[in-house]
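Student: My questions all concern the structure below.
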Amino acid sequence: MKSISPLNNVHELGQFGDFENKNVQQIIKIKEIKNIFIYQIVKFKSSNKKDSELSLDNLAFPNILKVNSNDNTRILWMGPNNWLIISKNNLSDELKNNFFSSDFAVTDISHSRSIIELQGSNAKEVIKKGSPFDIEKLEENNCTNTVFNGITITIDNIDNSTNKIRIISLRSFGESLYHSVTDACLEFGYEAI
C-alpha cells in the first residue's frame with residue numbers, strides 16, 4: 001500500500017502572495033514534512049521508571065516544554081509522562097526492546113499527523129495571525145500546544161537563527177491548517193518547497 005502525504009492535494013510548489021521585489025530571507029519557506037516516523041509514548045502512573053533514565057536514539061527525554069534532538073530524531077515533551085517522537089528512522093525495534101507495555105503505552109501515529117515547516121524572518125508573524133500563544137516567548141528547542149484559527153496544533157521551535165518552526169496537527173485538519181497558514185503568509189510572500 002502506498003503512503004499518501006496529508007497535504008498531497010494542496011501543497012503546490014512555487015511562489016505565492018507578495019513575493020516580488022523582496023529579499024530571499026523575507027519570503028517565508030513552507031515545506032511539508034513527510035515520510036517520517038511519529039510515535040507517542042505515555043508512561044503509566046504505575047511505572048517505576050524515572051524520566052531521567054529514559055532515552056531513545058541516544059537522546060534523553062526532555063523536561064517541561066523542551067525538545068531534545070539530533071540529526072535524525074526530535075523528542076518533544078507533550079505533557080506529564082507524555083512525549084512525541086519524530087524521526088527519520090524507524091525506531092520500532094528500539095521502542096519494543098526498551099519501552100515495555102507494563103510501563104508504557106507506545107503508539108505509532110506516523111500516518112495520523114500533518115507537519116508544516118515554516119522558515120523565514122516573518123514565520124513568527126504568521127503564527128501570531130492565527131494563534132493566541134505568545135510565540136516570541138517560545139525559545140529554540142521548545143514546544144507548546146495551542147490553536148491556530150481554531151485548529152489544535154503543536155508548535156516546535158526548531159531554530160531561532162533561521163526562524164524555523166514546525167506546526168503539527170491531526171491529519172484530518174491538515175488541509176484546513178495548510179490553507180489557514182498559507183493565507184496568513186500571503187502578505188509576506190511565500191515559497192512552497
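Bear in mind that the values in this text are calculations on the coordinates, not laboratory data. Bear in mind the structure is a predicted one, so any value in this text is a computation, not a measurement. In this analysis, Cβ positions are derived from the backbone assuming ideal geometry, glycine residues included, and neighbour counts consider all displayed protein chains.
Student: So if I place +1 on the C-beta of Lys and Arg and -1 on the C-beta of Asp and Glu, and nothing else carries charge, what would the dipole magnitude of the range 116-193 be about its Cα centre? I want it in debye, nearest 20.
Tutor: Once rounded to the nearest 20, the dipole reads 180 debye.
Student: Roughly speaking, what % of Cα-Cα pairs in the range 101-185 are separated by over 15 Å, rounded to a whole number?
Tutor: 56
Student: Could you please state, rounded to a whole Å, how far the C-alpha centre of the range 152-193 is from the C-alpha centre of the range 1-76?
Tutor: Cα centres, the range 152-193 to the range 1-76: 12 Å.
Student: Report ³J(HN,Hα) in whole Hz for each residue of the range 59-70, in order, from the Karplus equation J = 6.51 cos²θ - 1.76 cosθ + 1.60 where θ = phi - 60°; Gly and Pro get x.
Tutor: With coefficients 6.51, -1.76 and 1.60, one gets 10, 6, 6, x, 8, 3, 6, 9, 9, 10, 8, 9 Hz.
Student: Between beta-carbons, use under 10 Å as the cut-off and find the net charge around D103, counting Lys and Arg +1, Asp and Glu -1.
Tutor: Here the charged neighbours net out to +2.
Student: Same structure, new question: Just how large is the dipole of the range 1-108 about the Cα centre, in debye to the nearest 20, putting +1 at every Lys and Arg Cβ and -1 at every Asp and Glu Cβ?
Tutor: 180
Student: I would also like to ask the following. Work out from phi, with θ = phi - 60° and the Karplus expression 6.51 cos²θ - 1.76 cosθ + 1.60, the ³J(HN,Hα) of each residue of the range 144-150, listed in order in whole Hz, and give x for Gly and Pro.
Tutor: Coupling constants for the range 144-150: 7, 9, 7, 10, 10, 6, x Hz.
Student: I would also like to ask the following. In terms of modelled amide H atoms, which long-range or inter-chain residues lie less than 5 Å from the amide H of F104?
Tutor: Under 5 Å from the amide H of F104 lie the amide H atoms of F44, each far enough along the sequence or on another chain.
Student: While we're looking at this one, here's another question. My understanding is that a pair violates if its Cα-Cα distance is over 25 Å; which of K49/K164; K31/K128; K34/K124; K22/K129; K43/K88; K29/K129 do that in this structure?
Tutor: Checking Cα-Cα distances, K49/K164 exceed 25 Å.
Student: I want the antiparallel fraction of DSSP beta bridges within the chain, as a percent rounded to 5.
Tutor: 95
Student: Suppose only helical runs count, i.e. DSSP H with n ≥ 4. What mean residue ellipticity at 222 nm does that imply for the chain under -39500 (n - 2.57) per run, divided by all residues and rounded to the nearest 500 deg cm²/dmol?
Tutor: Per the formula, -4000 deg cm²/dmol.
Student: Got a sec? Which residues in the range 156-193 would a label at N8 touch, if it sits 7 Å along Cα→Cβ and we count backbone N under 15 Å?
Tutor: 171-172, 174-175
Student: While we're looking at this one, here's another question. Spin-label point model (7 Å from Cα, Cβ direction): what's the N149 to H179 distance in nm?
Tutor: Distance between label points: 0.8 nm.
Student: Along the charge dipole of the range 61-130, pointing to its positive end and built from +1/-1 on Cβ of Lys, Arg, Asp and Glu, which listed residue (N81, P62, G130) has its Cα farthest out?
Tutor: G130
Student: Let me ask something additional. Explain nothing, just the number: relative contact order of the range 1-100, from Cα pairs under 8 Å at least 6 residues apart, as a whole percent. Walk me through the numbers before you get to the answer.
Tutor: Values: 104 pairs, mean separation 23.9, N = 100.
Relative contact order for the range 1-100 comes out at 24 percent.
Student: Between E175, E136, E117, where does the largest GNM mean-square fluctuation fall for the chain, given springs only between Cα atoms within less than 10 Å?
Tutor: Ranking E175, E136, E117 by mean-square fluctuation puts E136 first.
Student: Pick out which of S131, S69, S102 has the largest mean-square fluctuation in a Gaussian network model of the chain, springs linking Cα atoms closer than 10 Å.
Tutor: Looking only at S131, S69, S102, the biggest GNM fluctuation is shown by S102.
Student: So which residue, out of K49, K29, K137, gets the largest mean-square fluctuation from a GNM of the chain using Cα contacts under 10 Å as springs?
Tutor: K137
Student: Let's see if you can work this out: charge +1 on each Lys and Arg Cβ, -1 on each Asp and Glu Cβ, no other charges. What is the dipole magnitude of the chain about its Cα centre, in debye to the nearest 20?
Tutor: 480
Student: Which whole-number percent is the relative contact order of the chain (Cα, under 8 Å, 6+ apart)?
Tutor: Rounded, it is 31 percent for the chain.
Student: With angles folded into 0 to 90 degrees, how steeply does helix 174-185 sit against the dominant principal axis of the chain? Use alpha carbons for both and round to 10.
Tutor: Helix 174-185 sits at roughly 40 degrees to that axis.
Student: Go through (i) 39, 37, 35; (ii) 70, 46, 27; (iii) 58, 41, 30 and flag the label whose value is the computed Cα extents along the principal axes in Å for this structure.
Tutor: Entry (iii).
Student: Same structure, new question: Among N149, N90, S176, which residue has its Cα positioned farthest towards the positive end of the charge dipole of the chain, with +1 placed on the Cβ of Lys and Arg, -1 on the Cβ of Asp and Glu, and the dipole taken about the Cα centre?
Tutor: N90
Student: Same structure, new question: Which residues' amide hydrogens lie under 5 Å from the amide hydrogen of I153, considering only partners 5 or more residues apart or on another chain, with H built in the peptide plane?
Tutor: T146, V147, F148
Student: Return the long-range amide H neighbours of M78 (sequence gap of 5 or more, or a different chain), with a cut-off of under 5 Å between placed amide H atoms.
Tutor: Counting only residues 5 or more places away or on other chains, the set is W83, L84.
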